[in-house]
1. Residue pairs, Cβ under 6 Å, 6 or more apart or interchain, first in region 127-150 and under 16 Å from residue 100 (Cα atoms), second in a helix (DSSP H, G or I) and at pLDDT below 95. List them.
2. Is at least one residue of region 173-182 modelled with pLDDT of 95 or more, within 25 Å of residue 49 (Cβ to Cβ) and in a strand (DSSP E or B)?
3. Would you mind finding the one in 165, 160 that is modelled with pLDDT of 95 or more, surrounded by 13 or more Cβ atoms within 10 Å (Cβ to Cβ) and out of contact with any strand residue (DSSP E or B) (no Cβ under 8 Å at 6 or more places or on another chain)?
4. Is it fair to say residue 77 is surrounded by 20 or more Cβ atoms within 10 Å (Cβ to Cβ), under 20 Å from the mean Cα position of the chain (by Cα), within 12 Å of residue 11 (Cα to Cα) and modelled with pLDDT of 90 or more?
């Protein structure tokens, strides 16, 4: 997708309250402070579209961002981060859990879930594993992204990607995508994945894409 317009379209803290436009949705999931908002800003080449904060647990609502370009439209969906202990328990276990679970169980047109994992950890956390198990049990297409890749050397990034691929039990030839919002590593690769999923959710897009000879790699 060659991005032409991006805007914040809808925000809610009420389970079941969603935008009326049934556009393909790219849902971003992960622990608090894993870098969801930063990754969204990086993908869309915007500095302050999705709010970022050094204090975990600030995102307490679901945010929809409308993305248009190359004749296509989709929503980026920024879900609340999970697992931050300093947020009151009733918020973590009831308010946020209800928001996330209701959305994931809804009939919203999710094209793909982007599960973010911190590349510096020794594999997915227990809460990550619970989320991944749920996505798999409910047959939600999922792409795994390893954030903060610039924090490791090239050799350590490669080893971390192999470790996560093994612990995630990914099929041979598949691996999570290391991503850095600082250097841009992984951006083109992730956009290629997103383009393919948006294509599946957009009638006629596949035919137009084939006519152009492939995926547009200019995501400005």
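1. 142/135
2. Yes, that holds for at least one residue.
3. Exactly one residue qualifies, and that residue is 165.
4. Answer is yes for this residue.
The values are calculated or read from the model by the stated rules, or taken from the named source; none is laboratory data. None of the values given here were measured: they were computed from a predicted structure. Every residue, glycine as well, gets a Cβ built from its backbone with ideal geometry; the counts of neighbours run over all protein chains shown.
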